[in-house]
Amino acid sequence: MPLIEIKGLRANVGDKEILKGLDLTVNAGEIHAVMGPNGSGKSTLAQVLAGNPAYEVTGGSVTYDGQNLLEMEPEVRAQSGIFLAFQYPVEIPGVSNAYFLRAAYNEKLKAQGKEEVDPLEFADLMDAKLAMVEMDSAMLTRSVNTGFSGGEKKRNEILQMAVLEPRLAILDETDSGLDIDALRIVADGVNKLKRPDNATIVVTHYQRLLNYIVPDFVHVLANGRILKSGGKELALELEDKGYDWVTSPATAGAA
Amino acid sequence: MRDYVEQRMSSSIETLISREYQHGFVTDIESDTFPAGLSEEVVRAISAKKGEPAFMTEWRLKAYRRWLAMKEPHWPNVHYGPIDYQGISYYSAPKTKTPLGSIDDVDPELLKTYAKLGIPLYEQKMLAGVAVDAIFDSVSVGTTMREELSKYGIIFCSFGEAVREHPELVEKYLGSVVPYSDNFFAALNSAVFSDGSFVYVPKGVRCPVELSTYFRINSADTGQFERTLIVADEGAYVSYLEGCTAPKRDTNQLHAAVVELVALKGATIKYSTVQNWYAGDKDGVGGIYNFVTKRGKASENAKISWTQVETGSAITWKYPSVILQGDNSVGEFYSVAVVNNKQQADTGTKMIHIGKNTRSTIVSKGISAGEGNNSYRGRVQVLPKATGARNYTQCDSMLVGNRCGAHTFPYVEVGNNSAIVEHEASTSKIGEDQIFYLKQRGLSAEQAVSMIVSGFCKEVFKELPMEFALEAQALLGITLEGSVG
Ligand SMILES: Nc1ncnc2c1ncn2[C@@H]1O[C@H](COP(=O)(O)OP(=O)(O)OP(=O)(O)O)[C@@H](O)[C@H]1O
Ligand SMILES: [Mg+2]
């Protein structure tokens with residue numbers, strides 16, 4: 001059984017249709033890269049999978065772990081292992097990163113019928129996670145994403161992912177705005193978290209990231225659909241030829 | 001897109017605003033209640049009931065006559081129908097053996113009431129290091145830890161008892177900060193106040209425990225008019241907490257209290273309130289009208305700090321203030337005011353700088369949800385002789401949904417060129433992106449709102465004693481529960 005199976009997914013923002021019958025299947029243990037032109041709907045796909053109410057699903061189906069994902073509340077999706085690393089992480093002033101992370105972690109434990117952890121137990125757990133993303137513990141006492149640099153925000157997303165250990169992680173342009181070192185750290189984190197029973201969807205514009213996180217599949221999202229899929233060599237080909245080659249093969253071929 | 005989200009948000013507001021008030025039960029207890037109405041006879045009768053000395057009766061009568069000549073103020077940004085002052089009963093007391101020698105004499109029904117409210121009057125609180133005075137309708141029903149406190153020379157008792165046992169202190173300080181002629185509601189309170197708490201901390205004594213009073217309105221159609229007087233003698237320190245609840249009733253009840261704080265040379269008084277009077281139902285039926293005058297006077301090097309978390313009442317009208325009389329005195333006001341449904345709050349503070357190098361800090365956080373209306377009204381006054389006075393004001397509003405309102409009315413009067421007065425203000429809307437972000441991490445909408453709002457109020461919560469901070473945070477969550485989907 002696939003971990004997630006998306007069939008004919010259609011979604012609107014306001015009156016505008018963004019996803020127009022999108023199909024994508026991801027099995028446990030796989031890493032999928034989704035690439036595509038600006039505004040093609042990559043973030044929309046990520047947000048719809050996470051259950052953002054600002055996006056309206058108008059058709060199709062999404063089956064996650066055998067369940068109808070579209071009927072699940074966003075927090076239930078999260079508790080069942082769906083994690084979205086936001087393209088634009090949100091600031092929550094006055095709420096410490098540590099408090100927020102522990103609350104999120106405890107919600108997951110509760111959903112699994114496990115005991116919640118107290119702040120001391122959590123601090124122990126955090127040491128290893130911070131090391132994984134090479135983050136200073138001082139970040140924990142700061143307010144969630146507040147005043148973080150662009151790169152720090154992205155790294156904070158990966159820290160959250162490391163804490164929550166999702167079954168399906170969706171990274172929406174986590175590589176954008178990262179310096180070379182941070183890129184390596186983020187990619188290392190993702191690789192370390194990879195297990196046979198989880199999967200990752202990486203949305204990116206840059207082939208560069210895929211040197212670090214080696215995808216099993218690469219998809220091109222354009223015009224609200226997956227127009228082309230292939231192995232990791234597809235990313236190189238895209239870099240070479242651009243998206244026109246996929247979106248309007250006739251003109252590209254004629255040139 | 002925007003419309004779409006707002007529509008989604010407000011439809012979840014509709015379905016979720018339905019939180020029941022938890023303290024809305026009524027205690028079935030026999031009480032001694034005066035018939036409705038107010039006159040000189042009623043004022044005299046209250047005074048007689050309480051066995052007061054002549055100076056008190058006289059003071060009440062002067063206040064009453066003054067009140068007759070005054071008009072109800074209508075400048076606050078709140079709206080309500082006319083109050084029938086003759087339709088209110090001005091005295092109601094549970095029938096028990098009086099006077100109460102100790103907490104053991106308290107009617108078990110009353111103890112149960114307080115236990116239900118989470119305020120055990122027995123040892124538990126002592127262990128937690130809090131001494132409690134419980135006020136039920138018009139009278140104090142018991143004060144804990146008195147013997148312990150008396151070892152330090154600290155007096156903590158009901159106002160009625162203070163009048164009988166320490167008349168010299170009462171006569172000296174009563175009305176010294178809030179004169180009976182101060183305003184309409186203060187005058188009314190001065191005439192008819194039935195009980196309250198009294199604290200005296202002697203010179204150089206640091207009160208070892210938090211003192212607290214829990215106010216409970218039980219009877220229908222009874223006004224509650226209590227009066228609190230706290231005197232910290234030179235170099236003394238005291239931290240005082242006040243909590244309030246009332247049953248759910250579909251009529252409005254009037255609560256007009258007066259609190260006076262006297263901080264003598266070098267003394268510190270920290271006064272914290274968590275106000276959770278019944279706020280009325282979602283259509284605005286019932287609830288407490290909370291018209292309160294709170295003021296402190298700080299002598300040289302003294303400090304008065306007000307911290308309040310206002311979550312209840314249908315209408316709140318309240319401006320805890322500090323008269324910075326002495327040189328180098330400090331005044332602080334930290335406030336969180338939350339309104340949901342049809343609640344209205346007009347609250348803020350007054351800092352009056354009289355002495356040199358006086359400093360004041362104002363941090364106000366207003367949260368409006370549902371159709372609630374929140375106004376901050378603050379006055380910073382620097383008198384000509386207050387050389388080197390400083391004030392910092394920060395006034396932040398947060399809106400939850402689209403039907404609520406936030407207003408700020410800052411007034412600044414500076415009569416001395418050396419004064420530095422700073423004012424910062426902001427208004428933000430709780431973001432659907434913030435809520436979704438937290439939900440994506442597994443938190444429910446309620447947890448998300450409560451987390452965002454707690455973060456917003458952090459600067460105020462950190463001023464509250466630990467135990468109270470947790471209670472305040474929980475209350476905030478309850479008040480806002482269901483305000484966002
Ligand atoms: N909140 C919104 N309001 C209006 N239009 C929106 C909104 N969010 C997305 N859109 C529109 O939907 C389309 C798809 O946006 P989406 O963010 O999914 O693109 P993307 O593929 O992630 O692009 P990028 O590579 O630039 O991140 C765009 O045309 C965008 O303008
Ligand atoms: Mg995007």
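Among all residue pairs at least 6 apart or on different chains, which show Cβ distances below 9 Å where the first residue, located in region A:43-58, is over 21 Å from A:Thr204 (Cα atoms) and in contact (Cβ under 8 Å) with a residue 24 or more places away in the chain and the second is open to solvent by less than 30 Å² (accessible area, probe 1.4 Å) and more than 10 Å from ligand 1 (Cβ to nearest atom)?
Within 9 Å, the pairs are A:Ala54/B:Phe436; A:Val57/A:Leu9.
I'm trying to understand the selection: among the residues of region A:108-134, which are within 20 Å of the chain's Cα centre (by Cα) and within 8 Å of chain B (Cβ to nearest Cβ)?
A:Lys108
Looking at B:Phe215, B:Phe185, which one is of a type in the set (Phe, Trp, Tyr), modelled with pLDDT under 90 and within 25 Å of B:Val309 (Cα to Cα)?
Answer to the selection: B:Phe215.
B:Gly312: outside any strand (DSSP E or B) and at pLDDT 90 or above, yes or no?
Answer is no for this residue.
What is the number of the single condition among (1) modelled with pLDDT under 80; (2) out of contact with any strand residue (DSSP E or B) (no Cβ under 8 Å at 6 or more places or on another chain); (3) not in a loop (DSSP other than H, G, I, E, B) that B:Asp28 does not meet?
(3)
Taking region A:14-38 as the search range and keeping residues that are touching a helix residue (DSSP H, G or I) at 6+ places or on another chain (Cβ under 7 Å) and within 14 Å of chain B (Cβ to nearest Cβ), which one is farthest from ligand 2 (Cβ to nearest atom)?
Ranking the candidates gives A:Gly14 first.
Suppose we filter region B:36-67 for residues that are surrounded by 14 or more Cβ atoms within 10 Å (Cβ to Cβ), assigned to a helix (DSSP H, G or I) and touching an Asp or Glu at 6+ places or on another chain (Cβ under 7 Å); how many remain?
Going through region B:36-67 one residue at a time, the tally reaches 2.
For region B:435-449, indicate whether the set of residues that are closer than 30 Å to A:Ala103 by Cα and under 23 Å from the mean Cα position of the chain (by Cα) is non-empty.
no
Are any residues in region B:300-313 in contact (Cβ under 8 Å) with a residue 40 or more places away in the chain and open to solvent by 10 Å² or more (accessible area, probe 1.4 Å), and if so, which ones?
Those that are in contact (Cβ under 8 Å) with a residue 40 or more places away in the chain and open to solvent by 10 Å² or more (accessible area, probe 1.4 Å): B:Glu300, B:Lys303.
Tell me, which strands (runs of 3 or more DSSP E) lie completely within region A:195-239 with 1 or more residues that are small (Gly, Ala, Ser) and away from ligand 1 (no atom under 16 Å from the Cβ)?
A:199-203, A:225-230
Looking for something under 29 Å from B:Lys270 (Cβ atoms), within 14 Å of chain A (Cβ to nearest Cβ), buried (at least 22 other Cβ atoms within 10 Å of the Cβ) and at pLDDT below 85 - is there at least one such residue anywhere in region B:478-485?
Looking through region B:478-485, none of the residues is under 29 Å from B:Lys270 (Cβ atoms), within 14 Å of chain A (Cβ to nearest Cβ), buried (at least 22 other Cβ atoms within 10 Å of the Cβ) and at pLDDT below 85.
Go through region A:86-99 and count every residue that is touching a helix residue (DSSP H, G or I) at 6+ places or on another chain (Cβ under 7 Å) and at the interface with another protein chain (Cβ under 10 Å from one of its Cβ atoms).
8
Name the residues in region B:265-320 that are within 17 Å of B:Gly235 (Cβ to Cβ) and not small (Gly, Ala, Ser), would you?
Once the filter is applied, which keeps residues that are within 17 Å of B:Gly235 (Cβ to Cβ) and not small (Gly, Ala, Ser), region B:265-320 yields B:Lys265, B:Thr268, B:Ile269, B:Lys270, B:Lys297, B:Glu300, B:Asn301, B:Lys303, B:Ile304.
For region A:39-54, give me the residue count where each residue is within 14 Å of another protein chain (Cβ to nearest Cβ) and within 8 Å of ligand 1 (Cβ to nearest atom).
Total meeting the criteria: 5.
So which residues in region A:163-213 are within 16 Å of ligand 2 (Cβ to nearest atom), of a type in the set (D, E, K, R) and open to solvent by 10 Å² or more (accessible area, probe 1.4 Å)?
Result: A:Glu173, single match.
Based on this model, can you work out whether A:Glu152 counts as closer than 30 Å to A:Lys42 by Cβ, open to solvent by 30 Å² or more (accessible area, probe 1.4 Å), away from ligand 2 (no atom under 16 Å from the Cβ) and away from chain B (no Cβ under 14 Å)?
So A:Glu152 fits the description; yes.
Considering only region A:55-74, state which residues are facing chain B (nearest Cβ under 8 Å) and surrounded by fewer than 23 Cβ atoms within 10 Å (Cβ to Cβ).
Answer for region A:55-74, where residues must be facing chain B (nearest Cβ under 8 Å) and surrounded by fewer than 23 Cβ atoms within 10 Å (Cβ to Cβ): A:Glu56, A:Glu73.
The values are calculated or read from the model by the stated rules, or taken from the named source; none is laboratory data. Predicted model, so just to flag it, every value in this text is computed and none were measured. Neighbour counts run over all protein chains shown; Cβ positions are idealised from the backbone, glycine included. Heads up: the accessible areas ignore ligands, DNA and RNA and are worked out on the full protein's heavy atoms, side chains in. Shrake-Rupley method; radii C 1.70, N 1.55, O 1.52, S 1.80 Å.
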